[in-house]
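Student: Attaching a single structure in structure tokens format; questions to follow.
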Amino acid sequence: MKRFQRSLALLLAVFLLFGLAAPVSAAREVSVVLDGTPLTFDVAPQIVQGRTMVPVRGIFEALGAEVEWDSATRTVTATAENDDVITMVIGSTALTVNGTDFQMDAAPFTTGGRTLAPARFVAYAIGATVEWDPATWTVLLTSGGTRTLAQYNMSFRLADASGIEVHDFHLGNGEVIDWAGRPHAAPLAGVIAVPDTPGPHPLVVVLHGNALGGFDEDIHARVYSGFGYLVQQLAAEGYVAVSINVSIDYSIDYGESHWGSYAYAVFEQHLERLEQANDGQDADHGVDLAGMIDFDELHIIGHSRGGELADIFVRRDQAAGIDRIRSIIRLAPTVLPYWEDDDAPHPDIPVGIILPEFDGDVQFLDGQAVFDEVMAEARNQSILSLVFLRGANHNWFNSFITTDDAARFDSFAENYRLTRAEQEHFLAHYAAAFLAMTSGGRAPWGAFDVSLPQPVTMFGHDVIASTYVPGLRSVLATPAAGVPAATATGSATAAFYEQGWNADGFFNHPTVLGRQDPRLPLYDLQWTGTDGAVSFSLLNGNFAGHQALSIYVAMDSSNALNQNGQDQAFTVTLRDSAGAERSVIIPRGTGPLTWHPGEVEEWGGEYFWVGHMPLGDLRIPLMYFIGLDLSAITSLTISFDQTPSGAVMLSDVFLK
């Protein structure tokens with residue numbers, strides 16, 4: 001059993017409160033209990049499209065509010081005992097509390113003359129906390145109290161791929177030109193699968209990595225076939241999917257490829273042959289492709305060096321004025337000094353990055369630096385999703401590669417490892433979910449939706465998920481002479497490092513060897529009792545217009561103040577200019593606060609931590625702070641009241 005496995009009951013509870021499940025039958029009666037007392041209504045609560053909808057008037061009045069109904073504008077107005085004014089309009093997802101707008105995940109509706117709205121928003125608006133008891137189908141409301149950040153699994157239901165056939169194809173040789181102008185033959189081979197419905201369909205191209213890990217790659221090796229399972233599943237999801245042979249880019253026998261020039265040339269020649277097949281002129285792929293491909297919807301998935309190539313292809317296209325690649329997924333990517341202008345902005349298209357926890361090949365988890373750079377620059381207008389996949393290794397996403405590259409971690413990680421089948425399961429789900437958003441037009445949800453907490457598991461696997469979205473803004477003040485940005489009280493301490501790699505101890509946030517990184521600043525927060533707290537100065541207290549507060553933080557598993565194998569927890573409190581406060585408990589099991597296995601290792605007289613402790617996106621939707629004046633937040637405090645001792649590293653706090 002995996003260390004990070006979550007209970008099904010917990011996941012179902014959050015599904016029904018957060019609307020993250022498939023539609024659920026409303027045949028079973030839903031109950032509502034307030035402070036231990038069952039409430040009765042003349043219209044029963046309902047489960048609608050996976051969301052628990054409850055009668056607004058009955059709950060507001062039970063909590064002491066006065067409720068008014070304006071039939072002309074179809075508006076519900078409630079005035080709470082503390083004079084908070086809450087309004088919602090039938091058919092609108094806008095919820096207004098004291099003039100501050102929040103977005104609900106479902107619009108209120110009327111039935112039997114009563115207004116029903118999402119349970120969690122009704123509860124939070126009136127200052128209550130809410131839980132779901134899946135055993136009895138009961139909404140549990142508690143007046144007052146401190147809210148707890150929800151934990152849930154991001155799910156995605158795959159289509160049945162059993163009827164999809166994967167075809168091997170060999171189109172003969174193409175040609176690449178080396179730096180000296182000499183031509184070399186390059187095999188045009190791959191595997192392809194197509195949907196069983198008429199086209200045109202988006203095109204997904206998969207790029208494999210360097211299976212041998214050196215410069216003597218066999219250009220005829222069928223490394224590309226190791227993604228046959230992914231090609232098959234994506235075809236079932238409605239994509240023409242092809243995994244192509246790009247091994248010539250990894251072989252020194254043909255002269256060194258310049259910035260992926262060989263692979264890009266092979267890619268272009270494959271696209272040319274696919275265009276011919278799409279026009280009915282080429283039948284060498286083993287399947288009828290006439291009219292099947294929409295070349296305006298091109299997406300790339302790259303593994304390892306192929307993940308680097310995906311980025312290079314976008315840059316090469318942009319340099320040539322070509323606009324055709326809509327999104328890329330970079331799987332355990334290398335990130336070398338790969339481009340003529342290494343300081344050029346990262347491509348501004350949707351990007352997904354997956355980092356395996358126990359990567360024995362790309363051991364510095366290079367893709368983390370890409371995410372950190374995009375976050376630091378905050379200029380991209382497209383989403384960037386980063387997932388740290390717990391227990392995964394580098395190789396087992398590709399079924400052709402047999403080597404277990406993570407064996408070097410087995411002294412401390414053996415009990416945490418994913419199987420090959422589990423890694424393939426994750427990749428198939430993530431790719432399908434990401435493409436459903438970037439190509440299929442599905443609205444962001446789960447890890448991609450900043451109005452929700454980050455999931456603690458995705459598709460049943462433990463993750464630390466982080467997301468960059470446009471409009472991100474840092475709110476922490478930078479320490480200046482005589483103006484401390486963080487004030488510690490009680491048993492807590494707060495040390496600031498302008499460049500995080502100078503921090504004491506063995507904290508190990510991934511970066512890229514030999515490449516400039518953002519040199520992230522770090523606050524080293526430690527505590528030895530439940531009375532400890534750290535308050536932060538804010539650059540700008542206007543949180544209005546944003547959806548979430550994001551704390552970029554990690555548990556420092558190398559610090560003895562953290563109990564071995566135990567996750568951390570703390571409480572986050574915001575205060576507004578009127579002195580009102582709202583607190584949210586961040587419970588054990590929340591991604592960035594989970595324990596990371598590792599050990600200290602000596603090399604060349606120096607000591608290092610083997611294993612990673614990546615900073616992660618601890619995302620708190622601002623709806624948790626309903627009741628505050630979000631345009632006038634004066635302080636943010638982290639109280640270490642949940643565990644007797646601990647240590648975390650915090651880099652920044654953002655609004656999203």
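What follows is calculated from the coordinates using simple rules that are stated; it is not laboratory data. Treat the numbers as computed from the prediction; the structure is a model and nothing was measured. Here the Cβ positions follow ideal geometry from the backbone for every residue, glycine too, while neighbour counts run over all protein chains shown.
Student: Take L158, L271, L525 and order them by how many other Cβ atoms sit within 10 Å, fewest up front.
Tutor: L158, L271, L525
Student: For A544 paired with T93, estimate the spin-label separation in nm (one decimal), with each label point 7 Å from Cα along the Cα-to-Cβ line.
Tutor: 2.2 nm
Student: Around A159, with a cut-off of 12 angstrom between Cβ atoms, what is the net charge of the other residues, counting Lys and Arg +1 and Asp and Glu -1?
Tutor: Here the count lands on -2.
Student: Let me ask another. When a footprinting reagent is the concern and you count Cβ atoms within 10 Å, what order do S399, S225 take, fewest first?
Tutor: S399, S225
Student: Once the piece of chain linking V600 and F41 is laid out straight, how much longer is it, given 0.36 nm per residue of separation minus the C-alpha distance between them?
Tutor: 195.2 nm
Student: Out of all DSSP beta bridges in the chain, what portion is antiparallel? Express it as a percent rounded to 5.
Tutor: 75 percent
Student: Count charges around I126 for me, please; just the other residues with Cβ under 12 Å from its Cβ, Lys/Arg as +1, Asp/Glu as -1.
Tutor: -2
Student: Okay, next question. When the Cα centres of the stretch 413-456 and the stretch 565-588 are compared, how far apart do they sit, in Å?
Tutor: When both Cα centres are located, 27 Å separates them.
Student: For the stretch 89-111 and the stretch 595-611, write down the distance between their C-alpha centroids in whole Å.
Tutor: 51 Å
Student: Over the Cα atoms of the stretch 167-468, what Rg and Dmax result, in angstrom?
Tutor: That works out to 18.3, 56 Å for Rg and Dmax.
Student: I need to check one value: relative contact order of the chain, counting alpha carbon pairs closer than 8 Å and at least 6 residues apart, in percent.
Tutor: It comes to 11 percent, rounded to a whole number.
Student: Rounded to the nearest 0.05, what FRET efficiency do T487 and S577 give with R0 = 25 Å and r taken as the Cβ-Cβ distance? Could you check?
Tutor: 0.85
Student: With just the Cα atoms defining each centre, how far is the stretch 50-72 from the stretch 298-314? Give it in Å.
Tutor: The distance from the Cα centre of the stretch 50-72 to that of the stretch 298-314 comes to 51 Å.
Student: Using a 7 Å offset from the Cα along the Cα-to-Cβ direction at both T142 and Q642, what is the distance between the two label points in nm, to one decimal?
Tutor: So the label points at T142 and Q642 sit 1.4 nm apart.
Student: A further question on this structure: Got a sec? How would R57, R120 order by Cβ neighbour count within 10 Å, fewest to most?
Tutor: In increasing order of surrounding Cβ atoms, one gets R57, R120.
Student: While we're looking at this one, here's another question. Given +1 on the Cβ of Lys and Arg, -1 on the Cβ of Asp and Glu, and no further charges, what dipole in debye does the stretch 8-145 carry about its Cα centre, rounded to the nearest 20?
Tutor: 520 debye
Student: Something else now. For labels at A290 and A159 in the simple 7 Å Cα→Cβ model, what's the distance in nm?
Tutor: 2.2 nm
Student: If you count, for each residue, the other Cβ atoms within 10 Å and average over each peptide, how do 643-654, 297-308 line up from highest to lowest?
Tutor: Packing proxy ranking, top to bottom: 297-308, 643-654.
Student: Quick check: net charge around L539, other residues with Cβ under 11 Å of its Cβ, Lys/Arg +1 and Asp/Glu -1?
Tutor: Cβ neighbours under 11 Å give a net charge of 0.
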